[in-house]
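Asker: Supplied in structure tokens, the structure appears directly below.
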């Protein structure tokens with residue numbers, strides 16, 4: 001007898017029926033742009049939408065890849081003008097059933113693909129986690145519903161991972177999201193608004209839940225209002241002249257419900273780009289709704305430390321702290 005799982009509403013029969021949707025997503029695999037390829041980059045990608053994304057302009061943005069620090073000995077690439085949102089797949093040698101959707105930051109004007117994406121994917125894939133690094137649409141590139149475009153991609157990504165559970169050896173009840181900075185805002189929006197209908201269903205995958213098992217938010221953009229908002233992210237997402245009610249709707253700390261998953265936060269108090277008050281606001285919103293949460297605030301680290309820039313300082317401990325906490329909630 002098939003049994004439903006509370007987190008996804010998914011049963012074994014439904015998983016088998018979803019093979020077609022997962023296959024459709026996997027057949028159109030745009031490879032990474034040639035100027036973006038680096039040693040160790042996986043070739044497997046999964047396109048999020050079978051056709052144009054929702055609300056597409058008449059001419060799709062043409063993807064641009066830049067190397068942020070050409071003198072660096074490690075890749076440090078950023079992607080902008082994303083017209084074909086997708087996920088890069090990092091398959092572990094021995095999958096343990098867990099999956100991780102990684103959402104890099106970039107102020108909603110770019111996606112910092114190495115520092116907050118591929119580097120994390122390599123770390124967790126070595127632990128047996130199947131990782132999916134998302135390149136999501138950026139709000140100000142002409143999409144009809146700019147503020148929802150990134151959330152549409154995040155919801156769709158989570159559903160496609162669930163639809164592909166059998167293919168990748170994933171437990172559909174052990175899919176986490178990890179987001180940084182503006183990607184932390186998107187991960188928090190997914191955690192708090194996973195059930196919101198942001199687009200018309202396109203295939204069987206859209207019958208699945210977009211709810212993460214747990215959410216991890218690194219130095220996240222949360223507030224959309226002065227004085228704590230990261231004004232660049234705010235302007236890109238909702239426009240410079242957005243009304244207070246629009247600011248409130250797009251602040252994840254205001255959107256926490258009983259269905260928000262357990263959430264882990266980490267931030268440096270000397271962050272001059274995204275004030276630590278953002279994490280404090282999210283923590284308060286979670287506690288007010290009795291959502292299991294843990295927060296770590298580090299004295300030093302600045303903004304955007306990821307893995308590489310945390311080396312040698314106390315903030316370096318955040319991945320281990322997250323792993324231990326997530327294990328108590330069934331992810332690892």
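Asker: If you build the convex hull over the alpha carbons only and average its shadow over all orientations, what do you get for region 75-135? Give it in nm² to one decimal.
Answerer: The number I arrive at for region 75-135 is 4.0 nm².
Asker: Let me know the shape class of region 212-332, please: from the alpha-carbon gyration tensor, a ≥ b ≥ c as square roots of the eigenvalues, rounded when a/c is under 1.5, otherwise prolate if a/b is greater than b/c, or oblate.
Answerer: oblate
Asker: Once the mean 1/r over all distinct Cα pairs of region 92-172 is inverted, what Kirkwood radius in angstroms do you read off?
Answerer: 13.5
Asker: Same structure, new question: In square nanometres, what is one fourth of the surface area of the convex hull spanned by the alpha carbons of the chain?
Answerer: 16.1
Asker: Another question about this same structure. Run the simple label-point estimate for residue 308 and residue 94 please: 7 Å along Cα→C-beta, distance reported in nm.
Answerer: Taking the two extended label points, one gets 3.0 nm.
Asker: Once R0 is set to 41 Å, what does the formula 1/(1 + (r/R0)^6) return for the Cβ-Cβ distance between residue 272 and residue 324, expressed as a FRET efficiency to the nearest 0.05?
Answerer: For residue 272 and residue 324, the calculated efficiency is 0.90.
Asker: For a quick check: sort 263, 67, 45, 73 by the number of other beta carbons within 10 angstrom, fewest at the front.
Answerer: Going from sparsest to densest Cβ surroundings: 73, 67, 45, 263.
Asker: Considering only DSSP beta bridges where both residues belong to region 81-152, give the percentage that are antiparallel (nearest 5).
Answerer: 55
Asker: Compute the normalised compactness of region 147-193: alpha-carbon radius of gyration over 2.2 N^0.38 Å, N being the residue count.
Answerer: Cα Rg divided by the expected 2.2 N^0.38 Å: 1.19.
Asker: Another question, if that's okay. Going by C-beta contacts inside 10 Å, put 90, 180 in order with the fewest on the left.
Answerer: With the fewest neighbours first, 90, 180 line up as 90, 180.
Asker: Let me ask something else. Could you pull the Cα extents of region 71-208 along its three principal axes, largest to smallest, in whole Å?
Answerer: Principal extents (largest minus smallest coordinate, Cα): 46, 42, 23 Å.
Asker: Give the peptides 49-61, 283-295 in descending order of average Cβ contacts within 10 Å, highest first.
Answerer: 283-295, 49-61
Asker: Highest first, please rank the peptides 237-245, 170-178 by the mean number of other Cβ atoms sitting within 10 Å of their residues.
Answerer: Highest mean packing first, the order is 170-178, 237-245.
Asker: Rounded, prolate or oblate: which fits region 182-277 when a ≥ b ≥ c are the square roots of the eigenvalues of the alpha-carbon gyration tensor, with rounded for a/c under 1.5 and prolate only if a/b beats b/c?
Answerer: oblate
Asker: In region 263-288, whose amide N lies under 19 Å from the spot 7 Å out along Cα-to-Cβ of residue 299? List them in ranges.
Answerer: Taking a point 7 Å out along Cα→Cβ of residue 299, the residues of region 263-288 whose backbone N falls under 19 Å are 266-272, 276-277.
Asker: Shifting gears a bit: Can you say what percent of the DSSP beta bridges in the chain, counting only those with both residues inside, are antiparallel? Round to 5.
Answerer: Taking every DSSP beta bridge within the chain, about 40 percent pair in antiparallel fashion.
Asker: Give the relative contact order (percent, whole number) for region 238-311; include only Cα pairs under 8 Å separated by 6+ residues.
Answerer: Value for region 238-311: 34 percent.
All of the numbers you see were taken from the coordinates with simple rules; none came from a lab. The structure presented is a predicted model; accordingly, all values stated were derived computationally and were not measured. Glycine also receives a Cβ, built like all others from the backbone with ideal geometry; neighbour counts cover every protein chain displayed.
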